[in-house]
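I have placed the structure first, in the form of structure tokens, so that the comments after it can refer back to it.
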Amino acid sequence: MDFLSWLNAPIFELFGNPVPWSDFLGNVCALATVFLALRRNILSWPVQILGSILLFSASVSAGLGGNASRQVVIVVAAIWGWSQWKRSREQTGEIRIRWATWKERILLILALLVGTVGFGAILSAGGWSWNPYPDAYIFIGSLVAMYAQGRAIVEFWFVWLAVDLVGIPLAIMGGLAFSGIVYFIFLIMVVVGIVDWAKRSRQTISSPIAGTQTVTGRTE
């Protein structure tokens, strides 16, 4: 058995659905990515890249071209985010984290809404998804969250929260029970991340619960 065949061979079944090694290991990497991001550890980016490569293999094997394309875009976005955190650490010795300004928040929301409508229309017109707009929402939401994460703003956790709330039922309805469980774990970790970054970050810009300050958030 060659490596790719082994990678896409089922490791176990969950609710009657086979879960291949690539899907299992890719989702483990995804969970590790969230944990490392919570710790503000720059290793979250290479781990995310590895996870997306594994999930790309799983998606291709399952004939899910749309999700496979999503993994490619995520890899590109992760490379950009990695470079942003690396530059910040080289310049200041730390990852500077902050709350977004109100202008940035509005732009993030607009990107999520416009991107979802536009990409959803493309998926619908091409017949490339059985549920195009929620599918588009998860795709665009992932990119918006990664952009915000690359900018090291606390709001990226809120975007992931919004993605997870749709991703859980969508995965279950699509027969991806394992991914649904992982999305639920993500949901818990994201809530922890929101609390942790908001509390432990010492740089706050236009916080919704505090006045404007400018201080520094350190990495571990």
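Where in region 77-185 are there chymotrypsin sites (Phe, Trp or Tyr not before Pro) that are in a DSSP coil and have at most 14 other Cβ atoms within 10 angstrom of their Cβ?
Those satisfying the criteria are 128, 130.
I'd like the chymotrypsin sites (Phe, Trp or Tyr not before Pro) in region 15-76 restricted to DSSP loop residues with at most 16 other Cβ atoms within 10 Å, sorted by number.
Loop-located and lightly packed - 15.
Assuming R0 = 35 Å, can you tell me the calculated FRET efficiency for the pair residue 124 and residue 181, based on Cβ-Cβ distance, to the nearest 0.05?
Efficiency for this residue pair is about 0.80.
³J(HN,Hα) across region 49-58 via Karplus (A = 6.51, B = -1.76, C = 1.60, θ = phi - 60°), whole Hz, x for Gly/Pro?
4, 4, x, 5, 5, 5, 6, 4, 4, 4
Apply the a/c threshold of 1.5 to the C-alpha gyration tensor of region 13-125 and tell me whether it is rounded, prolate or oblate.
Oblate.
Tell me which trypsin sites (Lys or Arg not before Pro) from region 13-79 have a DSSP coil assignment and no more than 10 other beta carbons within 10 Å of their own.
Here no loop site has a sparse enough neighbourhood.
Which of rounded, prolate or oblate describes region 49-114 when judged by the alpha-carbon gyration tensor and an a/c cut-off of 1.5?
oblate
Each reported figure results from applying straightforward, stated rules to the coordinates on display, with no laboratory input. None of the values given here were measured: they were computed from a predicted structure. Because the Cβ atoms are built from the backbone with ideal geometry, glycine has one as well, and the counts that use them run over all protein chains shown.
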